[in-house]
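Student: Got a structure here, written out as structure tokens. Questions coming.
Every number here is computed from the coordinates shown, using simple stated rules; none is lab data. This one's a predicted model, so the numbers in the text were calculated from it and none came from an experiment. All Cβ positions, glycine included, derive from the backbone under ideal geometry; neighbour counts span all protein chains shown.
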Amino acid sequence: MDLFSHALFPYLLGNYFKKRKEEITAFVIGGIAPDVDIVLLLIQYLYPTFFLITHRGITHSIFFGFFTGVIVLYLASRNAIKKIVKKYISFEPVFSRRNIIYAFAGVIIHLVLDYSTTRGVPLFYPFVVTRYSAELFFYTDIFLTIVSLVMVIYLSRKPFQSRTITKFLIILLLISGGMGVLRFAEKSNAEQFFHDGSIKSFPTMDPFDWYAQKEDGMKIEIYEYNGLKGTSKYNDTFARLNVISGGDGLDNALRLADELPQLKMFKWRAHSVAVNASYGNETWSLEFYDPIQRAEMRGIPGAFRRAGGSFSSLMINVTGNKAVAR
């Protein structure tokens, strides 16, 4: 979900239940706190690690989410930061045990919202690294983003009115709930269409368009399903391992590549993984890619497709006993 929705839900709920200003502030801070992990992307770039130092990684678990909320609330309550922020918005953070509870409640709302989107969140990290996702909404739902942004702008310019808060809360719950029900129905229709229990469906920006994926031992099949037409068209089949040009030591090259933190992270993010392998100049060139993401990229303009290439594939060269990601 987007930043506006993450802040708006706790803000409306806090005001609807007539909580104190400092409690609402802590609630909202908790609602956006997990997304401070964007600053961790630089760490991941400079020093790759598989400890989920990435967006929707370590801070998006219940355990580390709690500490993230506490840290962000503490920093926000410092006078230096408070003075800067209060120039732009009404802001009254107070670091206390009671407000820590409200901040953690905001974190839980954040995790629930992100759980509803594709790829989801590692709820129980560090105990397990599994991502949990309802796979209902796209990574960011543009319709909910626009609705939330309009509400945020309106609330920032108009004096507080309890009737407005109630109306906005009802509207937001009806829209998000209605979209969730619609998407759940379309997701079920997409999976039932193929009469195959192994089919998994994944959302797109359009609630009526879905990708369906079927995996077996040697290949991954991708289909596109449209709920309005009730039809599906064949998309593509990807070999799990496609050897373009052969050579010695492929198994060893794959083993060495699998030890790299960049590949561990890529596999953790991906819906599924296929490999193109080619050999030349005593080097194995291995392209690891996500077939679902590759299908999603087809309809995107060239500039955006190139920008998103790093998320849909990863290149690794293996020469001898040395593997290098690039």
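Student: Aspartates and glutamates near residue 86 by alpha-carbon distance under 15 Å, same-chain residues fewer than 8 away left out - which ones?
Tutor: List returned: 22.
Student: Taking only Cα atoms, what is the 0 to 90° angle, nearest 10, from helix 97-115's long axis to the longest principal axis of the chain?
Tutor: It is inclined by approximately 40 degrees.
Student: Continuing with the same structure: Only Cα pairs within less than 10 Å get springs; with that Gaussian network setup on the chain, which residue of 280, 14, 69 has the largest fluctuation?
Tutor: For the chain, modelled as a Gaussian network with Cα springs under 10 Å, the answer is 280.
Student: Please give, to one decimal in nm, the separation of the simple spin-label points placed at residue 36 and residue 240, each 7 Å out from Cα toward the Cβ.
Tutor: Spacing of the two 7 Å Cα→Cβ label points: 4.2 nm.
Student: May I pose another question? What does the extension gain come out to for residue 216 and residue 47, with contour length at 0.36 nm per residue minus their alpha carbon separation?
Tutor: Working it through step by step, the gained length comes to 57.3 nm.
Student: Show which aspartates and glutamates lie in cross-link reach of residue 19 when reach means a straight Cα distance below 17 angstrom and same-chain residues fewer than eight apart are skipped.
Tutor: The reachable aspartates and glutamates, counting only those whose Cα sits under 17 Å from residue 19, are 92.
Student: If you don't mind, there's one more thing I want to ask. Considering the Cα positions of the stretch 186-238, please state its Rg to one decimal place and its Dmax as a whole number of Å.
Tutor: Rg then Dmax for the stretch 186-238, in Å: 10.4, 32.
Student: For the stretch 25-73, what is the per residue volume of the convex hull drawn over the alpha-carbon atoms, in cubic angstrom?
Tutor: Values: hull volume 3.1 nm³, N = 49.
Dividing the Cα hull volume of the stretch 25-73 by its residues yields 62 Å³.
Student: Given the peptides 101-108, 26-33, 119-126, arrange them by the average over their residues of other C-beta atoms within 10 Å, most packed first.
Tutor: My ranking of the peptides, most packed first, is 26-33, 101-108, 119-126.
Student: For the chain, what number results from the quotient of the Cα radius of gyration and 2.2 N^0.38 Å?
Tutor: 1.13
Student: Can you give the angle from 0 to 90° between the axis of helix 142-157 and the longest principal axis of the chain, with both taken from C-alpha atoms, to the nearest 10?
Tutor: 20
Student: Now, a different point. Can you return the lysines within cross-link range of residue 219? Criterion is Cα-Cα under 27 Å, with same-chain partners fewer than 8 residues away left out.
Tutor: By straight Cα distance, residue 219 reaches 187, 200, 233, 264, 267.
Student: Under the classification rounded if a/c is under 1.5, otherwise prolate if a/b is larger than b/c and oblate if not, where does the stretch 139-189 fall, given a ≥ b ≥ c as square roots of the Cα gyration tensor eigenvalues?
Tutor: oblate
Student: OK, next. Grab the alpha carbons of the stretch 34-124, take their convex hull, and tell me the volume per residue in Å³. All intermediate terms of the calculation are to be shown ahead of the outcome.
Tutor: Working: hull volume 10.8 nm³, N = 91.
Enclosed volume per residue, from the Cα hull, is 119 Å³.
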